[in-house]
């Protein structure tokens, strides 16, 4: 069986490859990236490296040739994902790929203001209509983003600014999302399955701010604003309103259109999803926000 990992040079992709190399031979892995030079280390370990770009269908036809099972990593630009994912799915089907695993997002059921949910909902529908086997991994928001981007800003300001009010979400560690993806790629029997990959508890940003304050030893005031107030906050940081691919501002890799719509979805309860799917897939309990914050206590205290 030949496994394809798209987006293999990103943080999630690289970690997935490392996990797979503990379970399958390197020669069974085809790693796809826009810039093959970034995967020279995996090439040296025996993996096959191919160039593939969601905006270049011809490159995808070559990149996916001979593959059996594929991890379709979500594209990064909110609002543009569906046509990119359509090209990737069509190329995979044409290349003979039998099973596609997709990194989706929690909160698909019912109406939802999140722009990201709209992107992922459309992609899930494309997969169901594709005629190949599929597995959907609906990942919650990364704890890593909370610790690395949101918390440092809050500590510097002394305020956690949010339009999510007291809505809750079960944020999950990226490593747990990766472990779930590795399990589905390396094992049989996940066809037609949908998993919600969440952390161990539902928390509001108010509760998260309290945890970060306790761990860092520094006070944080929780300030609730409306959507326009949230836009104003991101504008003050220089975060673009519309998505710009591969663009990071002050450790924030998303656009404010994306983030404000997600906070609205949290506020309205659409993302309050909690499952034990991480433990069922990986055999271990998912990591918590407090655990990860305590690991980075020194960094948080110095933010």
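Of the residues making up segment 100-115, those that are in contact with a helix residue (DSSP H, G or I) (Cβ under 8 Å, 6 or more places away or on another chain) and in contact (Cβ under 8 Å) with a residue 40 or more places away in the chain number 7. In the set (1) in contact with a strand residue (DSSP E or B) (Cβ under 6 Å, 6 or more places away or on another chain); (2) buried (at least 20 other Cβ atoms within 10 Å of the Cβ); (3) within 19 Å of residue 15 (Cβ to Cβ), residue 154 fails one condition alone, (3). Report yes if residue 55 is under 22 Å from the mean Cα position of the chain (by Cα) and surrounded by fewer than 19 Cβ atoms within 10 Å (Cβ to Cβ), otherwise no. In short, yes. Has segment 5-19 got any residue that is buried (at least 21 other Cβ atoms within 10 Å of the Cβ), on the phi > 0 side of the Ramachandran plot, assigned to a loop (DSSP other than H, G, I, E, B) and modelled with pLDDT of 95 or more? Taking every residue of segment 5-19 in turn, at least one turns out to be buried (at least 21 other Cβ atoms within 10 Å of the Cβ), on the phi > 0 side of the Ramachandran plot, assigned to a loop (DSSP other than H, G, I, E, B) and modelled with pLDDT of 95 or more. Could you tell me which numbered condition residue 180 fails, if it satisfies all but one of (1) within 30 Å of residue 135 (Cα to Cα); (2) surrounded by fewer than 21 Cβ atoms within 10 Å (Cβ to Cβ)? Here residue 180 clears every test but (2). Here residue 183 meets the list (1) at pLDDT below 95; (2) assigned to a helix (DSSP H, G or I) almost entirely, failing just condition (1). Number of residues in segment 284-295 that are outside any helix (DSSP H, G or I) and either surrounded by 17 or more Cβ atoms within 10 Å (Cβ to Cβ) or out of contact with any helix residue (DSSP H, G or I) (no Cβ under 7 Å at 6 or more places or on another chain) (or both): the value is 4. Would you call residue 143 closer than 21 Å to residue 171 by Cβ, touching a helix residue (DSSP H, G or I) at 6+ places or on another chain (Cβ under 7 Å), surrounded by 17 or more Cβ atoms within 10 Å (Cβ to Cβ) and at pLDDT 95 or above? So residue 143 fits the description; yes.
Can you pull out every residue in segment 31-65 that is assigned to a loop (DSSP other than H, G, I, E, B) and over 13 Å from residue 91 (Cβ atoms)?
Filtering segment 31-65 down to residues assigned to a loop (DSSP other than H, G, I, E, B) leaves 34-35, 45-47, 52, 54-55, 64-65.
Those that are assigned to a loop (DSSP other than H, G, I, E, B) and over 13 Å from residue 91 (Cβ atoms): 34, 35, 45, 46, 47.
Note on segment 123-140: residues that are part of a loop (DSSP other than H, G, I, E, B) and farther than 19 Å from residue 172 by Cα amount to 3. Kindly indicate whether residue 280 is outside the structural domain of residue 113 (by TED's automatic domain parsing), surrounded by fewer than 17 Cβ atoms within 10 Å (Cβ to Cβ) and more than 17 Å from residue 210 (Cα to Cα). So residue 280 fits the description; yes.
Conditions tested, residue by residue: (1) within 20 Å of residue 107 (Cα to Cα); (2) not in a helix (DSSP H, G or I).
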| position | (1), (2) |
| --- | --- |
| 176 | yes, no |
| 188 | no, yes |
| 200 | yes, yes |
| 213 | no, no |
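The values are calculated or read from the model by the stated rules, or taken from the named source; none is laboratory data. For clarity, every value in this text was computed on a predicted model and none was experimentally measured. We place every Cβ from the backbone using ideal geometry, glycine too, and count neighbours over all the protein chains shown.
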